[in-house]
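Laboratory data are not the source of any read-out in this text; all were calculated from the coordinates shown. Remember, it's a predicted structure, so these values are computed and weren't measured experimentally. No Cβ is skipped: glycine too gets one built from the backbone with ideal geometry, and neighbour counts run over all protein chains shown.
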Amino acid sequence: MEILFLVVLLLLMAGALASGYPVAFALPGSAILTILLAALCGWMFAGDATAYFASQSAPEWLSSGVINFRGVYWEVERDTLIAIPLFVFMGIMLQRSKIAEDLLLTMAQLFGPIPGGLGISVVFVGALLAATTGILGATVVAMGLISLPAMLRNKYSSPLATGTIAASGTLGQIIPPSIVLIILADQLSSAVDQAQTQRTNLYKSSTGELSLPSEFAVSSTSAGDMFMGAMVPGLVLVGIYMLYILIIGLIRPSMAPSVPFGQKMNLKLLARVGLILIPPLTLIFAVLGSIIAGVATVNQAGAIGAIGATIMAGYRLREGERGAFIPAALAIISLVAIIFITQNYDLNIRAIETDEQRFGLNIAIGAVAVFLISVFWSLWRTFKIDDTLKGVMIDTAKTTSLVFIILLGAAMLTAAFRAFGGEELVKEFLTSLPGGFWTQFVIVMAVIFVLGFFLDFIEIAVVVVPIVAPILLMDPGANITAVWLGVMIGLNIQTSFLTPPFGFALFYLRGVAPREVRTVDIYKGVVPFIALQLLALVIVGNLPPLVNYLPERLRMVSDSAPPPTNPRLQYCMEDYVAQRFVDDESRIKTAIASARTINLESLPSSQAKALTGAFDSADDAFVKMDAIDAAEQAVMTAAPDYRPMHRQVRAVERDARKLAAEIKHDQTLINRLKSTAPDSPRIARLEESVAALTAERDALLAEIPAEWEAKNEDFAALAKAEVNARRAYRRTSDEAAAPVAELADVLAGTEALAGTEEELRAIRADVESADPKELVERIETLRSAMRDASAGKDTVKGLSNARKSLRKDPDPVKAAEELDASIAALAEDLSWRRTAQTEVLPGLNAYTAALADTIGLRSQQKLPSEQALYVAGCNSGHRDISLNF
């Protein structure tokens, strides 16, 4: 019965959408009506309102809707959607201030003489507007009004001209900052949590281990990661568009002729080009650059974009008038001043002590005040001129409200879909397909592509993604990243704007195209560009680093980069070290041998023994790395024979677990009915179902080959040997570096320790005459300072004993003896440290420097640049980890 109501849910939604009923109400309305119908039927025919729900929880759609509502507005960790109105405001402000129009006209003049130059200029401006406005309707309309007449006047083919404009107008959906990417990031953040739970459960059921190793965890994403991940694929798509138009212009000049440049290339023209082109490029740099540099979050970058667009609109609306650029000039001057001041002055108000710091703070306050004046001045201009600000605010409110209402309605629809077991049906269908992950992925991409013919990108993103993303992300065989999946879905969703009958870009263009341009020409024109988008999808799908590398690189080189001991980095770090061992073995071993010649006689025996052990561990690291290589080769050799049986058995066990869940579900219903309605005829039907499901499960488990256990144990032993080999190398590399670093820290504190000697002797001189309580306080302060300087145990022990002697029953004589012992121990401590500074430390520094980029990598605060970039590149691919499950 659950399937029946699932069909009703889908039919209601499809009917409502097809009838033109608003999406924002069609989605939740379908869910509410179906839920009420199922509850009513359950109450009437089964005596239980929850009888026809797979989840046995009739109000689940309501609770899920409330949770989603709270997640959108109140959870600090999920505040990404706040960026949407900011970027919408930025885009609409730039469009209404005619900056897009200026770009189109200027670029058309520059690119015109090239074969297909007008078309290439449209693509270029479309990409630029995508990175500044991202508003599809505004971009298509603007380019349709300005570029289409010019292209037709210069004998461009109508299909090529309209296809170029429509396709270029959709670039804002994949080139950041993009509303699509923000919504996908929000949806994928929840999908990652579900996928992580499913992968953990799979690992537990397959291995019996209680926790999933963090290196096998599902990688999460954020709006910033999505922006960085989509940047290169977006540029790839732009390049494909331009290349296609250029080829058409060269092969068939009649379709895309070159247009002679009508003006002389002089300084005046170049100045105009710079004035039109530089501000949008600066805004792009400010918005995306602030995210890349880690200066701003996505929300803060949206605010930067909104303010920047307002300042640009402020001078564009007064173009040609006296004083038009004054607010923009004030903004630039104040920003330069703020950047200079923050780089040269400490602006922490609590820490200000000197006149110089006060001067810097006052200048900073003045610069901020000037910047605020420029912003409010620009806002006043947009408010007074053509009622621009009012129109922008109204359009922003409409667009933002539409997005958020659809998000909340889709949450209710998705919850109802899950309540009727729809998610499990989809999961069962996808996981039962032959071919594993890639078959599932292709099917999902095909479904999204087809849905694009009928649905908007928001509906696809918020309805389909929460259902299919956890299934795809969970798969340990592909082990894809959430960023890659999001960008692939984003590229696919982009086609929905071009595919008839409901491609929005087609409608926008049809509304502004001249009468001589037929609708069929527009449809014919977008077909090649749809094919080019699918080509870009194939390219990015086969080259994951195009998406993953930039977010990984930024993460690895940022100030908040994960430490080298992070488990997710170890595989790639060890791969890097193994290559360096092959290339630099002789240099590293020479450095270790040189370190063994250091005279350690001046050191305490414990320190000398620890250093000798470190040198032994450094030599042993080569042996341990060879063990990793041997263990890895053994696993790789055994994997081809083991993988088919592993895949077969895990599929059987997966199906058996599903049957076990159904058995448990039916058994729960039986127990419930026996207590509430013991005479119900439904009990017998459920018992028959349990018996049939049990028999089916037993038959499935009987399909597991008899030799499975032996083969599984043998392969598990090989895999465990590799894990142990890697752990042994990590311990060895830590042991090779840690004692050296500890001794270096001790020697670095020598002068600080020497500075405590005077106070120690002063306390000794006052021990028989001063107040014991005062002495205790002085000793505690001194002991803390000595510990910070890594004083020896005997030195600190003497102070501790002296303090003890002065506390309850003060004994100045005993305290004096302990202080004398501490003074003697301090003198001995300083003596060997100073000797070691000249005889030992230079050799240790040379040893540390020689091993820093190999054996000593894990002991670094963060990975050096070369190693960080290698790890970023290594982690950009997708590594199959399925045999660990």
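Structure values in brief
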| read-out | value |
| --- | --- |
| Segment 718-760: GluC sites (Glu not before Pro) in DSSP loop, at most 14 other beta carbons within 10 Å | none |
| CD proxy at 222 nm, helix term only [per DSSP H run n ≥ 4: -39500 (n - 2.57); per residue of the chain; nearest 500] | -25500 deg cm²/dmol |
| Packing-based order for 84-96, 298-310, using average beta carbon neighbours within 10 Å, highest first | 84-96, 298-310 |
| Partnerless Cys - the chain, beta-carbon criterion under 4.7 Å | Cys41 |
| Net dipole in debye of segment 352-417 [+1 Lys, Arg Cβ; -1 Asp, Glu Cβ; about Cα centre; nearest 20] | 340 debye |
| Too-long pairs where the Cα-Cα distance tops 32 Å, listed order kept, from Lys589/Lys862; Lys664/Lys720; Lys98/Lys268; Lys711/Lys862; Lys98/Lys524 | Lys664/Lys720; Lys711/Lys862 |
| Label assignment, volume of the Cα convex hull per residue in Å³ derived from the structure, set [x] 430; [y] 257; [z] 197 | [y] |
| Residue-wise HN-Hα coupling along segment 713-727, computed from phi with Karplus coefficients 6.51, -1.76, 1.60 (Hz; x: Gly, Pro) | 5, 5, 5, 4, 5, 5, 5, 5, 4, 5, 4, 5, 5, 5, 5 |
| Three semi-axes of the equivalent ellipsoid, segment 408-510, Cα gyration tensor, whole Å, largest first | 25, 17, 12 |
| Between segment 323-352 and segment 382-449, the alpha-carbon center distance in angstrom | 42 Å |
| C-alpha center-to-center spacing [segment 494-522, segment 769-800] in angstrom | 82 Å |
| Summed residue charge, Cβ within 15 Å of Phe715's Cβ, Lys/Arg positive, Asp/Glu negative | -3 |
| Qualifying aspartates and glutamates (Cα of each under 17 Å from Cα of Lys804; at least 8 residues distant if same chain) | Asp766, Glu768, Asp771, Glu774, Glu777, Glu780, Asp794, Glu817, Glu818, Asp820 |
| Derived scalar couplings ³J(HN,Hα) [segment 364-375; Karplus, 6.51 cos²θ - 1.76 cosθ + 1.60; whole Hz; x for Gly, Pro] | 4, 4, x, 5, 5, 4, 5, 4, 5, 4, 5, 5 |
| Vicinal HN-Hα couplings computed from phi for segment 560-570 (Karplus, 6.51 cos²θ - 1.76 cosθ + 1.60; Hz; Gly/Pro x) | 9, 4, x, x, x, 8, 4, x, 5, 9, 5 |
| Reachable aspartates and glutamates, given that their alpha-carbon falls under 18 Å from the alpha-carbon of Lys384 and they are not under 8 places away in the same chain | Glu319, Glu321, Asp395 |
| Proximal charge balance of Ala513 [Cβ under 14 Å; K/R count +1, D/E count -1] | +3 |
| Sparsely packed GluC sites (Glu not before Pro) within segment 281-361, loop by DSSP, other Cβ within 10 Å at most 15 | Glu319, Glu321, Glu353 |
| Protection-proxy order for peptides 198-205, 596-603, each taking the mean of Cβ atoms within 10 Å per residue, highest first | 198-205, 596-603 |
| Mean Cα-pair separation over length for segment 272-426, i.e. relative contact order, pairs under 8 Å, 6 or more apart, % | 20 percent |
| Segments 586-594, 179-187 sorted - mean Cβ within 10 Å per residue, highest first | 179-187, 586-594 |
| Summed residue charge, Cβ within 13 Å of Phe615's Cβ, Lys/Arg positive, Asp/Glu negative | -1 |
| Gyration tensor verdict on segment 675-806 (Cα atoms; rounded if a/c is under 1.5, prolate if a/b is larger than b/c, oblate otherwise) | oblate |
| Centre separation in Å (Cα based) which lies between segment 187-256 and segment 853-885 | 20 Å |
